[in-house]
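Down below is the structure, laid out as structure tokens.
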Amino acid sequence: MEIVSLAPSNTEILYKIGAEEDIIATTSLCNYPEEAAKKQSIGGWTNPKIERIIELDPDILLASDDLQDEAVDKIKEEGYPVIQVKPHTVEEVFESIKTIGKAVRKSEETSQLVKEMRKELEELSFEGNPRIYCEEWMDPPMASGNWIPGLIKEAGGEYFIEEGERSEEFDLEELKDFDPEYIFLNVCGAGENLNTDEIKKRDDWNEITAVKQDNIYVIDDSLLNRPGPRIVEGLKRIIKKTRSG
């Protein structure tokens, strides 16, 4: 089976379940594991090169997220089968992993992966019930949504918005009312290359407990924003920071 992965999360899943040899191409954003970056590229995540896909003539393509709808439609118009997963909650992340496994004939491997992820999550917990705010975009500030609130709540923390909602702008007064004790920056595409001082410079944010206590941390966005195996590692790092600072 020859597979084209149209999303970094799908690429990570395929490597994790031992299907990496079947991948003939990925996107320019597929950089984990390191070997994935050596695969042929079909371009960007939301704007893949259709002509390149036609040249490769894959058996199946794997897409993720609503933002890829337009690209998926174009690929389907060329007659290629596309499996598109759109997880917005932790449970949907698990189901999407299973869907991918079934599509590439690795159902047993993905079932085992999901089982292991569930077990790890069950063993993770915060000390107390810290109030947490994660930020996926900084200009304008957008609260991280989708499965991230679910991860925090499963470990016993409190989160600013509900699970399943897309990352979104918000009323600063609502964030002040929530008054997070910890702020985590998992900004799309930034990795760990962020300066927490940017938060401290914002007008009126100095009234928030996390800012007053300097509990502002950077988390590699690929650990949290990609709905794949490493969301567990992302949660582990958040918990570690709330315990040790």
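Values in this text are rule-based calculations from the coordinates and carry no lab data. Here the structure is a predicted model, which is why all the values come from computation and not from measurement. Note that we place each Cβ from the backbone using ideal geometry, even for glycine, and neighbour counts take in every protein chain shown.
Is it the case, given these coordinates, that residue 23 is touching a Leu at 6+ places or on another chain (Cβ under 8 Å) and without any contact (Cβ under 8 Å) to a residue 40 or more places away in the chain?
Numbers: touching a Leu at 6+ places or on another chain (Cβ under 8 Å): yes; without any contact (Cβ under 8 Å) to a residue 40 or more places away in the chain: yes.
Here the answer is yes, as residue 23 does meet what is asked.
Scanning region 101-130 for residues that are among the basic types (Lys, Arg) and surrounded by fewer than 17 Cβ atoms within 10 Å (Cβ to Cβ), which turns out farthest from residue 213 (Cα to Cα)?
Per the criteria, the residue is 105.
Check residue 30 against each of (1) surrounded by 20 or more Cβ atoms within 10 Å (Cβ to Cβ); (2) out of contact with any Asp or Glu (no Cβ under 6 Å at 6 or more places or on another chain); (3) farther than 22 Å from residue 148 by Cα and name the one condition it does not meet.
(3)
Among all residue pairs at least 6 apart or on different chains, which show Cβ distances below 9 Å where the first residue, located in region 114-125, is under 18 Å from residue 157 (Cβ atoms) and free of Cβ contacts under 8 Å to residues at least 12 places away in the same chain and the second is of a type in the set (S, T, N, Q) and part of a helix (DSSP H, G or I)?
none
I want to confirm something. Restricting to region 43-66 and keeping residues that are farther than 24 Å from residue 224 by Cα and of a type in the set (Val, Ile, Thr), which single residue is surrounded by the fewest Cβ atoms within 10 Å (Cβ to Cβ)?
Result: 54.
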